[in-house]
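**Student:** Pasting a structure below so you can have a look.
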Amino acid sequence: MRPLDRQTRSHLMHLFQTHGFHPRTDLGQNFLIDLNIIDFVVRQADLGPQDVVLEIGAGTGGMTTFLAHEAAAVVSVEIDRRMHGLASEALAGSGCKNVTLLNCDALKNKNRFAVEVVDAIEQQLAAEPQRRLKLVANLPYCIATPVISNLVATEWPWVLMVATIQWELAERMRAAPGTHDYGSLSVWLQSQCAVSLLKKLGPTVFWPRPNVESAVVRLAPDSERRGAIADRQFFHDFIRRLFHQRRKAARNVLTGMYRKQLSKPAIDDVLQGFALKPGFRAEDCDVATLVRLADGLHKAMGPLIGLAGEDANDDANSGIEGLDCRMTD
Ligand code: SAH
């Protein structure tokens, strides 16, 4: 049986009319109405009986049932109570029993998933030893950056992400050093994953149509690249803060960032090991250089490393920069 063969434009319009409400643009409610694309996303996820799927933005449950038919378990999160109601109905009708449908904001803050989400995922992963995690979703564009970068930061056994996101965000994820799009998100993701673009999507595959183009992207973790980073938490914080002042000379930025742990000469000592031009900026450095630079500073700090965390954790709402919501307006 093919679940929910009916997430079409007319079906959704009828559904909203019957329930007397409209999609909310502020929540990124643009539903996939092209069944070929839903099918494509699900096929690319290559789901099997070991897979726990995280879907963020259940919407009407249009994709959730497809995922549930192929995975061991699905944890699907929907912030909007009304949409959560519609998704629950769709799931009840499909007979899928392996879906945990949560009605909450998927994020606690820019750097953390909500506790409910963490608990549900960990419970599903613990159910059998071989279980592993995949993110498969038509993501709400407002939170695509924190969702993807936070998942990369976790220690969960995640093996794949296949997601629809805003086109510009896909460009930032894949950007090369020295380009306009290259930033903390590019470095954070490329330092640990293979990022690939699977498909470009025009606005017509969604209802209502967004004002932007979209992309289906695939991220796969690269254990070698991950293993090359001495302290991923430190590296995360390092690039977030360094790129916050991307146009400034990186030496000055670093001196400010680590004023409590390292003197200027100590920072220069670390920098000396790199063939960097005087006045170089973060945006000029490739990913491998940034990884080695962070590791060098980390090592030089020795036991003072704990103090770096004090600064790092002072703003739970400042995450890796990607795109903010205004771009989807
Ligand atoms: N997957 C569905 C819906 C995609 S639209 C489909 O393709 O048809 C994105 C959905 O994410 C919307 O239903 C929106 O309400 C929900 N959403 C937006 N912000 C969210 C958040 N912070 N946490 C969880 N869900 C969110």
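The values are calculated or read from the model by the stated rules, or taken from the named source; none is laboratory data. Because the structure is a prediction, the values reported are computed rather than measured. Please note: Cβ atoms are built from the backbone with ideal geometry, for glycine as well, and neighbour counts cover all protein chains shown.
**Student:** Just to verify a result, which residue in segment 9-57, among those that are among the charged types (D, E, K, R) and under 22 Å from residue 150 (Cα atoms), is nearest to the chain's Cα centre (by Cα)?
**Tutor:** Applying the filter and picking the extreme gives 55.
**Student:** Out of all the residues in segment 23-61, which are away from the ligand (no atom under 13 Å from the Cβ) and either outside the structural domain of residue 120 (by TED's automatic domain parsing) or among the basic types (Lys, Arg) (or both)?
**Tutor:** Across segment 23-61, the qualifying residue is only 43.
**Student:** Before we move on, is residue 130 under 23 Å from residue 218 (Cα atoms), more than 12 Å from the ligand (Cβ to nearest atom), not basic (Lys, Arg) and not in a strand (DSSP E or B)?
**Tutor:** So residue 130 fits the description; yes.
**Student:** Could you please tell me which pairs satisfy a Cβ distance under 9 Å, a separation of 6+ or placement on different chains, a first residue in segment 268-292 that is on the phi > 0 side of the Ramachandran plot, and a second residue that is of a type in the set (Lys, Arg) and part of a helix (DSSP H, G or I)?
**Tutor:** 279/251
**Student:** Taking the condition of a type in the set (S, T, N, Q) and either touching a Gly at 6+ places or on another chain (Cβ under 6 Å) or modelled with pLDDT under 95 (or both), does residue 88 pass?
**Tutor:** no
**Student:** Next question, about the same structure. Considering 91, 86, 151, 135, which residue is touching a Phe, Trp or Tyr at 6+ places or on another chain (Cβ under 8 Å) and part of a helix (DSSP H, G or I)?
**Tutor:** 151
**Student:** Let me ask something additional. Please tell me if residue 53 is crowded, with 17+ Cβ neighbours inside 10 Å, in a strand (DSSP E or B) and in contact with a Leu (Cβ under 8 Å, 6 or more places away or on another chain).
**Tutor:** Criteria met by residue 53.
Yes or no, residue by residue, for (1) among the polar types (S, T, N, Q); (2) at pLDDT below 95; (3) in a loop (DSSP other than H, G, I, E, B):
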site	(1), (2), (3)
2	no, yes, yes
48	no, no, yes
62	no, yes, yes
68	no, no, no
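**Student:** Also: Could you grab me the full set of residues in segment 70-116 that are within 11 Å of the ligand (Cβ to nearest atom) and among the hydroxyl-bearing types (Ser, Thr, Tyr)?
**Tutor:** Matches in segment 70-116: 76 only.
**Student:** Quick check on residue 182: is it more than 10 Å from the ligand (Cβ to nearest atom) and either in contact (Cβ under 8 Å) with a residue 12 or more places away in the chain or touching a Cys at 6+ places or on another chain (Cβ under 6 Å) (or both)?
**Tutor:** The answer is yes for residue 182.
**Student:** Residue check: is residue 198 in contact with a Phe, Trp or Tyr (Cβ under 9 Å, 6 or more places away or on another chain) and either under 20 Å from residue 286 (Cβ atoms) or buried (at least 22 other Cβ atoms within 10 Å of the Cβ) (or both)?
**Tutor:** no
**Student:** Here's a follow-up. Is it the case that some residue within segment 73-82 is assigned by TED's automatic domain parsing to the domain that holds residue 44 and assigned to a helix (DSSP H, G or I)?
**Tutor:** Looking through segment 73-82, at least one residue is assigned by TED's automatic domain parsing to the domain that holds residue 44 and assigned to a helix (DSSP H, G or I).
**Student:** Now a separate question. Given the options 197, 151, name the one that is in contact (Cβ under 8 Å) with a residue 24 or more places away in the chain, within 16 Å of the ligand (Cβ to nearest atom) and under 26 Å from residue 48 (Cα atoms).
**Tutor:** 151
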